[in-house]
1. Would you check if there is a residue in the stretch 197-219 being in contact (Cβ under 8 Å) with a residue 60 or more places away in the chain, among the small types (Gly, Ala, Ser), farther than 20 Å from residue 148 by Cα and touching a Ser or Thr at 6+ places or on another chain (Cβ under 9 Å)?
2. Looking only at residues in the stretch 180-206 that are of a type in the set (Val, Ile, Thr) and under 12 Å from residue 163 (Cβ atoms), which one is surrounded by the most Cβ atoms within 10 Å (Cβ to Cβ)?
3. Restricting to the stretch 59-112, count the residues that are surrounded by 15 or more Cβ atoms within 10 Å (Cβ to Cβ) and either touching a Pro at 6+ places or on another chain (Cβ under 9 Å) or not in a strand (DSSP E or B) (or both).
4. Return yes when residue 141 is outside the structural domain of residue 95 (by TED's automatic domain parsing), within 30 Å of residue 104 (Cα to Cα), among the aromatic types (Phe, Trp, Tyr) and crowded, with 16+ Cβ neighbours inside 10 Å and no when it is not.
5. Can you pull out every residue in the stretch 69-118 that is touching a Lys or Arg at 6+ places or on another chain (Cβ under 8 Å) and more than 18 Å from residue 131 (Cα to Cα)?
6. Considering only residues that are surrounded by fewer than 17 Cβ atoms within 10 Å (Cβ to Cβ), in a loop (DSSP other than H, G, I, E, B) and in contact with a strand residue (DSSP E or B) (Cβ under 7 Å, 6 or more places away or on another chain), which ones fall in the stretch 40-54?
7. Quick check: is even one residue across the stretch 169-178 touching a residue at least 12 places away in the same chain (Cβ under 8 Å) and part of a loop (DSSP other than H, G, I, E, B)?
8. Can you find even one residue in the stretch 147-166 that is over 30 Å from residue 40 (Cα atoms), assigned to a strand (DSSP E or B), of a type in the set (Val, Ile, Thr) and at pLDDT 95 or above?
Amino acid sequence: MYQNKHSFTLAICMLVVAAFYSCKPDANDFQKYQGHTEIIYTGTVTGIAVRPGNLRAQVQWAPTPDPNVTNYVLYWNNGADSAVIPAVNIKDTIKTIVTGLQETSVQNFLLYTINGKGNRSIGQTISSVKVLGPIYQSSLYNRQLNAAKPYRMFGTDSVRFYFTRADSTLIYSKLWYRHQNGTLDSSLVKTDSITLMQFSNNTKAAIRSFYLPATAIDTFSVPYIDSTIAIH
């Protein structure tokens, strides 16, 4: 009787142990969801940034240290547009220009690295990028003469113009004027004043200003030319 009871108990224990091992998850079970293949991610980049331009943008980044990467793939317009940039032997910053962008829309850029087997990296995103264009350009204005001291004559052939303080994005203004012999000349204004030699009296100088927004790759000019006051 005791022996039968012992044999029954042993059989129950063996069933429990077998059930435990049959239910224990296999460490490789996840592979059946990946087609029994290992997912390999290529190396990512560093220093990714976007610089706005005139209806375009420059996307730049430092090359990945992963030697197996063969291409960089960049997406924009919600993935509708893309560009493939070969991962050539470049040690410095990689730069690519994206054109045909709209000033009224905000862009998100997504960058992947890819190796020769088609494996790619985790996507790296730069969001809410706004480019510049005609709307921004229409807000610009030419540099103004200082109303309290617009000009000063030196002798009979030289004049100095004084200007108001410039916006930080204004890089220079261009002046066109006539010499006393009637020839047309020009000069760049980069400070708060400029002296023009051999300036023809009873004439005006024309001015156009040029702006370079912070981090931008393009310079924007005022769409129109203004004239200074007449010098007598």
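1. Filtering the stretch 197-219 down to residues in contact (Cβ under 8 Å) with a residue 60 or more places away in the chain leaves 207-209, 211, 213, 215-218.
From what is left, the residues that are among the small types (Gly, Ala, Ser) are 209, 216.
Next, from what is left, pick out any that are farther than 20 Å from residue 148 by Cα: 209, 216.
Add one more test, that the residue is touching a Ser or Thr at 6+ places or on another chain (Cβ under 9 Å), and what stays is 209, 216.
Yes, the stretch 197-219 contains a residue that is in contact (Cβ under 8 Å) with a residue 60 or more places away in the chain, among the small types (Gly, Ala, Ser), farther than 20 Å from residue 148 by Cα and touching a Ser or Thr at 6+ places or on another chain (Cβ under 9 Å).
2. First, pick out the residues of the stretch 180-206 that are of a type in the set (Val, Ile, Thr): 183, 189, 191, 194-195, 203.
Restricting the remaining residues to those that are under 12 Å from residue 163 (Cβ atoms) gives 189, 191, 194.
Values: 189: 19, 191: 9, 194: 17.
Once the filter is applied, the top-ranked residue is 189.
3. Residues that pass the stated criteria total 13.
4. For residue 141, the condition - outside the structural domain of residue 95 (by TED's automatic domain parsing), within 30 Å of residue 104 (Cα to Cα), among the aromatic types (Phe, Trp, Tyr) and crowded, with 16+ Cβ neighbours inside 10 Å - is not met.
5. 73, 112, 113, 114
6. Across the stretch 40-54, the qualifying residue is only 43.
7. Narrowing the stretch 169-178 to residues touching a residue at least 12 places away in the same chain (Cβ under 8 Å): 169-178.
Right, trim to part of a loop (DSSP other than H, G, I, E, B) and you get 169.
The answer is yes; a qualifying residue exists.
8. Within the stretch 147-166, the first condition is being over 30 Å from residue 40 (Cα atoms), and the residues that meet it are 147-166.
This time we only want the ones that are assigned to a strand (DSSP E or B), so: 151-154, 158-163.
Right, trim to of a type in the set (Val, Ile, Thr) and you get 159.
Pick out the ones that are also at pLDDT 95 or above and you get none.
Checking the stretch 147-166: not a single residue is over 30 Å from residue 40 (Cα atoms), assigned to a strand (DSSP E or B), of a type in the set (Val, Ile, Thr) and at pLDDT 95 or above.
The values are calculated or read from the model by the stated rules, or taken from the named source; none is laboratory data. The shown structure was predicted, so the numbers you read here are calculated from the model rather than taken from an experiment. Neighbour counts run over all protein chains shown; Cβ positions are idealised from the backbone, glycine included.
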